[in-house]
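What follows draws every value from the coordinates through simple rules; no lab data is involved. Note that the coordinates shown come from a computational prediction; the quantities given were computed from them, not determined experimentally. Cβ sites come from the backbone with ideal geometry, for glycine too, and all protein chains shown count toward neighbours.
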Amino acid sequence: MALENKGLLIVLSGPSGSGKDTVLAELRKRDLNMKQSISMTTRPMRDGEVDGVDYWFTDVPTFEKNIEEGYFLEYVKYGDNYYGTPQKKIEELIEEGYNVFLKIEVEGAGNVRKAFPESVSVFIIPPSIEALKSRLKGRGTESEETYKKRLEIAQDELLRAKEYDYIVINDDLSKCADDICAIISAENSRCNKMIGLVDNMGNK
Ligand code: 5GP
């Protein structure tokens, strides 16, 4: 099947402190025909978060009913909370030609790769371990113990970067966004995306 009119499904992961949210905000300024998927979660809403914008916030029974009904493309239990990617909305957006971004953790990214092999996965890393440490410390709101735990989780996640299609360094924000734009551009030139167009030209 020719895929040329469809958008891409782009999975974006990276450890806490890699700057995923800032990168996504930068990408939103670019002309990418982009939509970000809104996940459903059972974790409590944080200050400043808005239901239906940051997440769809729900309770455990509703989330588990949604699992049973096949509502999710993937879901995980991360810490004490469920997080899941609604499937139908994403499929509709891709069909409409949007490049759909999922900002999800490594376990979920692996599940998306299995369920949706044509997805593109990008892992964002900080420029160095020192930069990661200083970004995690920079938040300044946590105890030394919490910081150490976050660093440990971040380092475990870094070891899984090799499972991704691409690894992008977030040192200079603009360069990092340029790199992701270049990936999207290259993916849209893949033979299976273009072949329908070429075949039409070739048909006499
Ligand atoms: P937070 O609670 O800080 O918003 O998110 C915790 C982690 O869950 C982050 O790594 C975030 O990217 C990930 N996450 C958010 N939504 C989903 C989702 O739908 N599926 C998966 N697998 N991870 C998610």
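When Arg30 is tested against (1) in contact (Cβ under 8 Å) with a residue 60 or more places away in the chain; (2) more than 15 Å from the chain's Cα centre (by Cα); (3) more than 20 Å from Ile184 (Cα to Cα), only condition (3) is not met.
Among all residues of the stretch 142-163, there is at least one that is within 26 Å of Lys6 (Cα to Cα) and touching a residue at least 12 places away in the same chain (Cβ under 8 Å).
Yes or no, residue by residue, for (1) touching a His at 6+ places or on another chain (Cβ under 9 Å); (2) crowded, with 18+ Cβ neighbours inside 10 Å; (3) more than 29 Å from Gln87 (Cβ to Cβ):
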position: Pro117; (1), (2), (3): no, no, no
position: Ile125; (1), (2), (3): no, yes, no
position: Ser134; (1), (2), (3): no, no, yes
position: Gly138; (1), (2), (3): no, no, yes
position: Glu145; (1), (2), (3): no, no, yes
position: Ala154; (1), (2), (3): no, yes, no
position: Glu157; (1), (2), (3): no, yes, no
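Is it the case that Ile125 is under 14 Å from the mean Cα position of the chain (by Cα) and under 19 Å from Ile180 (Cα atoms)?
Details: under 14 Å from the mean Cα position of the chain (by Cα): yes; under 19 Å from Ile180 (Cα atoms): yes.
So Ile125 passes the test.
Of all residues in the stretch 65-90, which are assigned to a helix (DSSP H, G or I) and away from the ligand (no atom under 15 Å from the Cβ)?
Narrowing the stretch 65-90 to residues assigned to a helix (DSSP H, G or I): 65-68, 87-90.
Answer for the stretch 65-90, where residues must be assigned to a helix (DSSP H, G or I) and away from the ligand (no atom under 15 Å from the Cβ): Lys65, Glu68.
Screening Val100, Val112, Val53, Val76 for residues that are within 15 Å of the chain's Cα centre (by Cα), of a type in the set (Val, Ile, Thr) and under 22 Å from Thr22 (Cα atoms) leaves exactly one candidate, Val100. Asp199 meets the conditions (1) outside any helix (DSSP H, G or I); (2) surrounded by fewer than 12 Cβ atoms within 10 Å (Cβ to Cβ); (3) not hydrophobic (A, V, I, L, M, F, W, C) in every case but one. The failed one is (1).
A search for C-beta distances below 6 Å between a residue of the stretch 44-73 that is in contact (Cβ under 8 Å) with a residue 40 or more places away in the chain and any residue that is within 14 Å of the ligand (Cβ to nearest atom) and not basic (Lys, Arg), counting only pairs 6+ apart in sequence or on different chains, returns Leu73/Thr85; Leu73/Gln87; Leu73/Ala115. Residues of the stretch 91-105 that are surrounded by fewer than 22 Cβ atoms within 10 Å (Cβ to Cβ) and either within 9 Å of the ligand (Cβ to nearest atom) or more than 26 Å from Lys193 (Cβ to Cβ) (or both): Lys103, Glu105.
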